[in-house]
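Bear in mind that the values in this text are calculations on the coordinates, not laboratory data. Here the structure is a predicted model, which is why all the values come from computation and not from measurement. As a convention, Cβ positions derive from the backbone with ideal geometry for all residues, glycine included, and neighbour counts pool all protein chains shown.
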Number of protein chains: 2
Amino acid sequence: MEGSAPRRTRIQQEKRELILEAALEVFSANGFRGSTIDQIAEAAGMSKPNLLYYFRRKEDIHETLMQRLLDTWLAPLKELDDIGDPMTELRSYIRRKLEMARDFPRESRLFANEILQGAPRIMPMLEGELKTLVDEKAAVIKGWMRAGKIARTDPWHLIFAIWATTQHYADFDVQVRAVLGPDRGGDGRFEDAARFLEQLFLDGLKPKA
Amino acid sequence: MEGSAPRRTRIQQEKRELILEAALEVFSANGFRGSTIDQIAEAAGMSKPNLLYYFRRKEDIHETLMQRLLDTWLAPLKELDDIGDPMTELRSYIRRKLEMARDFPRESRLFANEILQGAPRIMPMLEGELKTLVDEKAAVIKGWMRAGKIARTDPWHLIFAIWATTQHYADFDVQVRAVLGPDRGGDGRFEDAARFLEQLFLDGLKPKA
DNA sequence: GCAAATTTTGACCGATTGGACAAACGTTAG
DNA sequence: CTAACGTTTGTCCAATCGGTCAAAATTTGC
């Protein structure tokens, strides 16, 4: 579809990175329609026409941002591997997803914003690439269940649950911090969350008999 | 704070309801800044100036909507009761939250939008009313743990996990449906989710020894 | 050092936005 | 019937939006 990547000068590469970084900040906080080119330009320390020299339309920025995001976002799931102990694999997947919520909350919110609005710009990817990947990993998980390595349950909803619980700490961060309060809502909240999630996914809530 | 409710004519009551219903539709799909008064007016079947006769500012609509939402939204948690079997109480709380995600997805998305944007309009409620309620219920859950009725873990993060997993089916609905595909993504997905979540929260993933 | 290419800027444009306002219309009580 | 009140509409406005354009400033290749 797309021709070879356009050759770019040093300045173009640098400025484009600067703009994308600023746009990530603005888009993730206000959504696409809630963000203005002026805001992004100011955050990037340049004038609006100057920004438009590097990205001709507001949508181009968002699209570029989204494309980059998706690769890094799906990487942890891609790494979920058939070899290795199933329980360990799942645990490290959960841990990695939680680390991403901690280290890349803006990316998580950008993605959440897009999905919330009905995913108008990435629908084909959801139905194509993402579905394929999830189906593939669901098959792997099903294999583990058949082998008696983990309890039998629905692999798709299991993946949803891991996404939901981990991304919650990025997308609903303000609520999490507000509820936990200044003491428990500090930096340690991610370690508390990690401990809790590990227990939840492994043992559930039933008291040890 | 607020004086007695202003007396309203029959027409005012009806039209205000009509506007709020339309606004819920529009706001939940596009966010606050992404929605226009014209869109809401059209969805409500009236002209923009006419709408502004009932709500003088766009923010007033959103505020009214948010106030109503919060009551119904927190109702299930309020019902979590100390009397009754702990495991049953938690299970029915999860089921009720999932039903709300199924029956009131627009309300869930409206709330999610607000939190995603940093909760500028409901921050005091999060730190006040919500935190108080959650702390109170966390204490109840802690009591159950001390009594050996459920496994010992962090009650706050347990509540977060229930919120995250259930609301996921409303907020990320398009993604869920896209990944499940046309077959498994039909109406039955909520029953599948209910079964899965029940197993997850009760037994976790460890295979039965 | 200089010409060509690239980058930056200020001024500007049409479209859309939230909202104001007065006039017109409808309803209702006496 | 009619005066008072409640409702609806068309028109208008200032601000903001995404985006253009030509000219100025700067960088780059030779």
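Points to keep in mind about this one:
- The other copies place their A:Arg68 label points at 4.3 nm from this one, listed shortest first, where each point is 7 Å from Cα along Cα→Cβ.
- Highest mean first, the peptides A:74-83, A:188-197, B:128-137, A:31-40 sorted by other C-beta atoms within 10 Å per residue fall in the order A:31-40, A:188-197, B:128-137, A:74-83.
- Largest GNM mean-square fluctuation among B:Ile61, B:Ile11, B:Ile141, using chain B with Cα springs under 10 Å: B:Ile11.
- One chain, two ends: A:Asn50 and A:Gln13. Fully extended at 0.36 nm per residue, the span grows by 11.9 nm beyond their Cα-Cα distance.
- Dipole of the range A:7-56, positive end: most advanced residue of A:Ala44, A:Val26, A:Tyr54 [Cβ charges, Cα centre]: A:Tyr54
- At 7 Å out from Cα toward Cβ: A:Glu129 inter-copy label distances (nm, ascending): 4.2
- Using only alpha carbons, the range B:67-203 has a radius of gyration to Kirkwood radius ratio (Rg to Rh) of 0.98.
- Dipole moment magnitude, nearest 20 debye, the protein assembly as shown about Cα centre, only Lys, Arg, Asp, Glu C-beta charged: 40 debye
- Relative to the other identical copies, A:Pro49 shows label-point distances of 3.9 nm, where the label point lies 7 Å from Cα along the Cβ direction and values run shortest first.
- Label-to-label distance, A:Thr72 versus A:Leu133, with points set 7 angstrom from Cα along the beta-carbon direction: 1.4 nm.
- Note: relative contact order over the range B:1-56, using C-alpha pairs below 8 Å and six or more positions apart, is 34 percent.
- Taking A:Tyr169, A:Tyr54, A:Tyr93 in turn, the Gaussian network model of chain A (Cα-Cα springs below 10 Å) assigns the largest fluctuation to A:Tyr54.
- Electrostatic tally near B:Ala112: other residues with Cβ closer than 10 Å to its Cβ, Lys and Arg +1, Asp and Glu -1, net -3.
- Each of B:Glu191 and A:Arg33 was given a label point 7 Å from its Cα along the Cα-to-Cβ line. The distance between the two points is 3.6 nm.
- Chain A: relative contact order as a whole-number percent, Cα under 8 Å and 6+ apart: 21 percent
- Against chain B, whose longest principal axis comes from its Cα atoms, helix B:86-103 is set at around 30 degrees.
- Crossing angle, helix A:10-30 versus chain A [Cα axis fit, 0-90 degrees, rounded to tens]: 60 degrees
- Cα pair distances in the range B:101-180, grouped into 5 Å bins until the bin that holds the longest one, percent each: 3, 14, 16, 20, 19, 12, 11, 5, 0
- The charge dipole of chain A, taken about the Cα centre with unit charges on the Cβ atoms of Lys, Arg (+1) and Asp, Glu (-1), comes to about 120 debye, rounded to the nearest 20.
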